[in-house]
1. Just to be sure I follow: if Rg is taken over the C-alpha atoms of chain B and Rh is the Kirkwood radius over the same atoms, what is Rg/Rh?
2. Regarding the range A:561-619, what's the average projected area of the Cα-atom convex hull, expressed in nm²?
3. In 10 Å bins starting at zero, report the fraction of Cα pairs in the range A:519-605 per bin as a rounded %.
4. Please get the size of the charge dipole for the range A:525-617, origin at its Cα centre, with Cβ charges of +1 on Lys and Arg and -1 on Asp and Glu, quoted in debye to the nearest 20.
5. Taking the Cα centre of chain A as origin and charging only Cβ (+1 Lys, Arg; -1 Asp, Glu), how large is the dipole, in debye to the nearest 20?
6. Is there a simple number for the mean count of other chain Cβ atoms within 10 Å of the Cβ of residues in B:5-17, and what is it?
7. Per-residue ellipticity at 222 nm for chain A, helices alone: DSSP H runs ≥ 4 residues times -39500 (n - 2.57), over residue total, nearest 500 deg cm²/dmol?
8. To the nearest 0.05, how large is the calculated FRET efficiency for A:ILE392 and A:LEU9 if R₀ is 41 Å and r is the Cβ-Cβ distance?
Amino acid sequence: MNFEVGTQLDKIVILLYFTLVMGFGAYFGKYSKNTTDYFFGGRRFAWWLITISIVATGVGSHSFVKYSTKAYQYGLSSTMTYMNDWFFMPLFMFGWLPIIYYTKVKSIPEYFERRFNTKARYLATLMILLYMIGYIAIQFLTLATALYRIYGIPLMLTVVLIAIATTIYMHFGGQTSVIFTDLIQGFILIFAGLLLFFLGVQFLGNQTGLSGLNAFWTNLTPLQKLPLAHFNHPPDFNFVGIFWQDGIAGSVGFLFLNQGLIMRFMAAKSVNEGRKAAAINVLCVLPISAIVVSNAGWIGRAIANAVPGVLPLDLAANDVFVAVTNIVASPGVFGFIIAALCAALMSTADTLVNASSAVIVNDIYEPLSKKEKSEKQKLEFARLTSIGVKVIAVILVPFFNSFDSIYEAHGWFHSTFTPPLVVGVFLGIFWKRFTTPAVIATFLGGAFLMVLGQIYPELIRPFSHGIELRPGRGYSYIGALYNIFVCAGVGVIVTLFTKPESEKKLNGLTIFDVHKLKEIFKGSAINEEIGEKLVINWKLDDSNSDILRFSKKDMNMMKANPGDLVYIQDSRWWLGGLKSAHSIFGKPHNEDGIVYLNQSHLDHGQFVEGLSLKAEKEM
Amino acid sequence: MDFTQTWLPFLYLYGVGGLAFIFGMLIIIKSRALRLTYALHSKWARVLIFGFIFYASIHALFIFIAVGSK
């Protein structure tokens, strides 16, 4: 279906937005001094900064397009994938998060090497890269689908232009740029989504003569008001299939295997800040995000019910978002909302590109290099890698464009790529007995049985919960249950016939050791006494050691001893830890209210002369 | 609207999802990753349980509203 969208003003607004974000991201490049900063942001940020940047990562441009489509077709049940992530929070917050934070693994595959062996690491690397690069391709496709209608540029050329634009600010900035551009983009996309809802409700009010919200609500049928889909019908959108594909495989994949998300949590200044970010995100931000990404579809459905003919009858699935926005928003505002779609794309794509680079550098480049590489070489390689990742993603775009809708392409993706990794990481963390041969068998044997399931859908029938089999297209979402079952089955059976790993090898890598991880991280007994946080002035000394020296009185107030870990940050709270450093308490001096730090702390923290710092004991 | 459209998905979601949640709570307590004797951990345990009830309540509320609407 063809329809004209956007005016000159809209085009200018979108271009201005791209320029602003690229400049913003490039500015924060100065905070990336080495690969730890480039990938992890230096483990220094406050929970609220991590939360907002997670929003922008979780809400991709595909979210706007795919959820609007399902919201238009089925109503409020489009939100169910945003509202089913709480079940795994205990395991994430008190199992996986402390493990990855305190063991200082740089990537998920590195965990597989430590827990199992090098072979497991390479298999995990391959699967994770396939998953992330495919995800980036879906992001490119989504935004290009919207923009090529506005600018009239061919779809693939639009994809290439978007890839180049995201490369520019990523290239210079790394994770700190990603977090700060995501902060601004997170706000923009939530505001734009809610603005669209407001405009849509107003439009409905004008068309029907009822008050806005009343016009919206009364023009949805009872079925469209249900928050969960029909149990097992139709095949392209049913509750039970989507529960296994998204609520189980997708949630575990997102929380435990999404390298981009993991890197966000590793950029938090402490595990507790990471927990706060995770809890606030799932409890408060995800329900708001569900409204933000779905409401164009709900408004479109209410418009179609109330005023038939306003929206084209043959509206294509992926066009719902753009078509509805075009109707309810005035020129300029339409451009702003599409710019928010750009925000969603760029923030999700940049996180995934950065994460893919981290995996390639940490899990392929470094282990395979014969000589030790300098930080500069690794950083340069990381930047080149991010370009390579985008090139492959662009090449994959036509494949994903062949699905009926982006929702289905994404669903296929989750149910196919996550189960072996989900089973591998889950059994690895929560079952000490799970062995190295078993994880290899899970990856290879499980993948083989999954392929069999794709070729012979009858194998999936016992798991189908009565979902209809579509001739020639198999089972889509419920395939995730079969895939998890066969992978777990292979893993459990092989484990029972192989020798368990030694306790020494597993030390600190399973949930059963989480209680002693802090001690492993610190390297000595931990000091759990709760002390005060102090606002303090700083002076530079010429020491080369990584220690900070406080007065005896200040250390007493913080309940700190020499050798304990300390975190200092610029005392302006709204910087969220951007200017900060971690270090160790040294021997005390006698000048109260003063901390002595060295040039390296100053370079890393970018502290400003004359401005005070806030200091706190970590452990 | 019949049961397969209204309460069956809800019961399945909080039945199967609830099992995953309870398994998670038990394992983090048993492994001492979550220590209820620590004030901070005890607060987190309450947040975790609240989150489960919060989502179940939202879904139940909307099902009631949809079933009762015209």
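Only the coordinates and a few stated rules stand behind these numbers; no lab work does. Only a predicted model underlies this, so the values are computations on that prediction, with no experimental measurement involved. Quick reminder, even Gly has a Cβ in these numbers, built from the backbone with ideal geometry, and neighbours come from all protein chains shown.
1. The Rg/Rh ratio comes out at 1.14.
2. On the way: hull surface 16.7 nm².
Taking a quarter of the hull surface, the average projection is 4.2 nm².
3. 17, 51, 31, 1
4. Charge dipole of the range A:525-617: 160 debye, to the nearest 20.
5. 920
6. 6
7. -18500 deg cm²/dmol, from helical runs alone.
8. 0.70
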